[in-house]
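This report refers to the structure that appears directly beneath it.
A short reminder: the numbers here are calculations on the coordinates, not readings from a lab. Just so we're clear, the structure is a prediction, and the values are computed from it rather than from any experiment. Please note: Cβ atoms are built from the backbone with ideal geometry, for glycine as well, and neighbour counts cover all protein chains shown.
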Amino acid sequence: MSKAEHRKLRTLVVDDEDLARQVLRELLGAHPEIEVIAECRNGLEAVKAFAEHKPDLLFLDVQMPKLTGFDVLELIGAETPVIFVTAYDEYAMKAFEVHAVDYLLKPVGKERLASALQRVKARPPEKVLAASELAAAARPAGQFAERLVVKDGTRVTLIPVGKLDFAEAQDDYVALASEGKKHLKQQTIASLEAALDPRLFVRIHRSYIVNLERVARIEPYGKESRVAVLASGIKLPVSRAGYARLQTLLEERS
Amino acid sequence: MATVMAERRKAPAVRVPKLAWIPIAIVLVPSLFTLGHISWLSALLLGIPLSLFSLFIPLAAGYVCRFSPSGRDRWWSSALTHLVAALLLSFLWRLIATPFARALSFIPQLYGLDKQFAQDAWIIYFVGCIVYSLSAAFHYVAFAQDAARQVELKAVETSMLARDAELRALRAQINPHFLFNSLNSISALTSVDGARAREMCLLLADFLRLTLGMGEKSVIPFSEELALLEKFLAIEKVRFGERLRMTESIEEGARQCLIPALLLQPLLENAVSHGIASMADGGTIHLEARVQAGRLGIVVENDRDDEAPSRRRNGVGLKNVRSRLEARYGREASLRTEAAEDRFRVSMSLPAEYAETR
């Protein structure tokens, strides 16, 4: 017997239904290498419990109050293996297939659970999955994010996209400006751009996405460049390509 | 009166082929030659350009036909309209013909054509009226064919819409998410509470039996729909426990009203999946029904969390309910939704119908 099999996998079970958690706990009882350290009834609890316990494995329901399973994954990062649990969600299932993420279908059976656990144990730990890509793949075509989730320590903030003024790329992060505050999130600006409705948000610059409704006017700046002046007075640089995108969008709207 | 456009159907298109001048010329040229005192050459040189300029007659005839469709006005009123139109158009044709004849008479060989033509101008009226009558007849036939085609298309369209609605209704009844979640609950209950697991199985079986049975009927008493909703909520209650709360206020008189089968079930399902399921501490669904002034008013209201992640199938159930109401009652029924920050409300009003009156 190898060492790994003796170490217990500290596991978090996240589902908003009592019975669904119960059935998982019961089935996991047959696996001595699993230790359920906490159960969470929604995504917020899960993010908190994750920060507190640093579990080795998560069982995540997809549809939950407050935060979905995808939101949770986005917030906790991708180092910990996650097994999604869902009843029936064709888009989510497709996303799991595409990104080779483990998932269980309700009702959960013990054989299927055993094989999922086997895979988790066999998987090299460096496997990293991009949560935002997974969430994007689970969105039906033509649907865009309605809100953005940001974690600040253990505090989770939900920003409805209508309240996002602009986003600024900062190395591996994006700073989301909303209601006078800036929230840092680990995400590339390109994947944020893909999640936002292109009729409402424009990439005006390599490092900036702006909410079209916030733009008061465009002013020339220097010889060839321009700045977008927001209603709040903030000025953002506009690249030449960004200006072209802005113009086509404004033409489409009028 | 013909000016009242009561028909909602699109007016038929008036079409005149450009080559229609050829048959007109075939009638006009020999008429000019045989009936009048005009030579073959003059008849040809005058008749062909005149035929080319005569296409406004069949065109105008088409519009007159459209203006006065067959079978709507009394025959003499229709006939009078056509007679006036035919004379007027022929007069116009003649007005065009006179300068032509004069121009041609400048050619030495055709000298005096204008004077001859002035004598024989009645031939223009004669041929004009023939052209007009034939065109009108053609247009009436074409319009009748058009109308028949439209009716056929409409029939196909309606039957397709009806089948579509039926299929969607069927799919809405058995939402896979609901089914799989219920099975998961049963699977959890088997080991902790066998009796409740059995109870849940029975509830689910009853629910499925009722929905399948209802699919065949178009309308059912409201009380039957309520019985189904109770089963549905009892099943969801097992899943959500204390999180799902329900209040209802159903007027006795409303229970006997007939409503389309499974009209409310999708709304209750929405209330659970978009409302209750999105709230960590759950919420209340309120159902209300009353009869007032011959109309049945139904309200489904639920708590919700407007920060909640949006669920899929959003609006499918609602759209389905709306189109079923429209299909059955037309403008007699209305459906309204109000979304406040923490409540969602669907209210509908439909004619109160009872089994006895039908």
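Numerical summary
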quantity: Selection count, segment A:91-103, where residues are buried (at least 19 other Cβ atoms within 10 Å of the Cβ) and within 12 Å of another protein chain (Cβ to nearest Cβ); calculated: 1
quantity: Where a residue in segment A:38-61 is within 14 Å of chain B (Cβ to nearest Cβ) and its partner, wherever it lies, is surrounded by fewer than 24 Cβ atoms within 10 Å (Cβ to Cβ) and assigned to a helix (DSSP H, G or I), with Cβ under 7 Å and at least six apart; calculated: A:GLU39/A:ARG21; A:CYS40/A:ALA49; A:VAL47/A:LEU75; A:VAL47/A:ILE76
quantity: Sole exception among (1) under 19 Å from the mean Cα position of the chain (by Cα); (2) surrounded by 19 or more Cβ atoms within 10 Å (Cβ to Cβ) for A:ALA20, by number; calculated: (1)
quantity: Cβ-Cβ under 7 Å pairs, at least 6 apart or on other chains, segment A:72-87 side in contact (Cβ under 8 Å) with a residue 40 or more places away in the chain, far side acidic (Asp, Glu); calculated: A:VAL85/A:ASP15; A:VAL85/A:ASP61
quantity: Leading residue by the ranking (farthest from the other protein chains (Cβ to nearest Cβ)) among those in segment A:8-20 that are out of contact with any Ser or Thr (no Cβ under 6 Å at 6 or more places or on another chain) and within 19 Å of B:PHE178 (Cβ to Cβ); calculated: A:ASP15
quantity: Candidate set from segment A:72-90 (those that are in a loop (DSSP other than H, G, I, E, B) and either of a type in the set (Val, Ile, Thr) or farther than 22 Å from A:LEU44 by Cα (or both)); member that is nearest to the other protein chains (Cβ to nearest Cβ); calculated: A:TYR88
quantity: Hey, A:LEU212 closer than 18 Å to A:ALA169 by Cα and not β-branched (Val, Ile, Thr) or not; calculated: yes
quantity: Top-ranked residue of segment A:31-52 - restricted to ones that are under 14 Å from A:ILE76 (Cβ atoms) and acidic (Asp, Glu), ranked as surrounded by the most Cβ atoms within 10 Å (Cβ to Cβ); calculated: A:GLU45
quantity: Residues located in segment A:130-165, provided they are polar (S, T, N, Q) and buried (at least 18 other Cβ atoms within 10 Å of the Cβ); calculated: A:SER132
quantity: Residues being among the basic types (Lys, Arg), more than 12 Å from B:GLU248 (Cα to Cα) and in contact with a helix residue (DSSP H, G or I) (Cβ under 7 Å, 6 or more places away or on another chain) - total across segment B:272-306; calculated: 1
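Residues checked against (1) within 52 Å of the chain's Cα centre (by Cα); (2) crowded, with 18+ Cβ neighbours inside 10 Å:
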residue	(1), (2)
B:CYS65	yes, yes
B:SER78	yes, yes
B:LEU83	yes, no
B:LEU95	yes, no
B:THR98	yes, no
B:ALA101	no, yes
B:PRO108	no, no
B:GLY112	no, no
B:PHE117	no, yes
